[in-house]
Amino acid sequence: MKTAIYPGSFDPITLGHLNMIKRAASVFDRVIVCIMVNGNKQPLFTVEDRLRHLKIVVDKFENVEIDSSDKLVAEYARERGATVLVRGLRALSDFEKECQMAIINKKINPDLDTLFLAASEKYMYLSSSAVKELARFGADLSDFAPREIIDEIKQKYGWEVNYNG
Ligand code: ADP
């Protein structure tokens, strides 16, 4: 059984992330989406909130599991029996940082290969930071974030949410 890990901050999960998860799930037997807890970043959502969001959004995929970890991703992958690390490449600017990380991770865990998936054209410029910036201004997030969590994102920025739709 081929297990892949898709690590990230997912603060919050975007439609770009979801697109990656779907594609990884169609390639691998098992995909573990793992929130990597990074003490240096001040997140918008707690790890518990982000886990809940992931659960709501990826529940429909039978071969996708969710988790969180404060370990090094290469160590975490070894523990979970994952041999592939999936990362998304958007603009060229992702490339240098991602290659560097892939090499370091391979040094720490020689059994772990990083596989890059090109971002879908539609989500090429989408990031969690962009979603947060748009939410701050009360913009419509329906093209950017999973609909199940849009209200929660808006509420973080003090926008009133109309539960009647
Ligand atoms: P990190 O803080 O580790 O970069 P992110 O949550 O920002 O975590 O992203 C996790 C992974 O998803 C990264 O590999 C990133 O390149 C990828 N990713 C983020 N947004 C997109 C997108 N719109 N399309 C494809 N991949 C994406």
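No lab work stands behind these numbers, since they all come straight from the coordinates. Since this is a predicted model, take the numbers as computed values, not measurements. Cβ: placed from backbone, ideal geometry, glycine included. Neighbour counts: every protein chain shown.
In percent, rounded to a whole number, the relative contact order of the stretch 3-124 is 31, using alpha-carbon pairs under 8 Å and six or more apart.
Relative contact order, percent, of the stretch 62-165 when contacts are C-alpha pairs under 8 Å separated by at least 6 residues?
Computed over the stretch 62-165, the figure is 22 percent.
The orientation-averaged shadow of the Cα convex hull for the chain, equal to a quarter of the hull surface, comes to 9.8 nm². Taking other C-beta atoms within 10 Å as the exposure proxy, 14, 46, 3 rank 46, 3, 14 from fewest upward. Taking the C-alpha atoms only, the angle from helix 47-58 to the longest principal axis of the chain is near 90 degrees.
Between the residues 155, 35, 104, the greatest Cα displacement towards the positive end of the dipole of the chain, with unit charges on the Cβ of Lys, Arg, Asp and Glu, is found for 104.
Listed values for the stretch 103-112 are Karplus-derived 3J(HN,Hα) couplings in whole Hz (6.51 cos²θ - 1.76 cosθ + 1.60, θ = phi - 60°), namely 5, 5, 4, 5, 5, 6, 9, x, 7, 9, and x replaces Gly and Pro. Dipole magnitude for the chain: computed about the Cα centre from +1 point charges on Lys and Arg Cβ and -1 point charges on Asp and Glu Cβ, it is near 240 debye.
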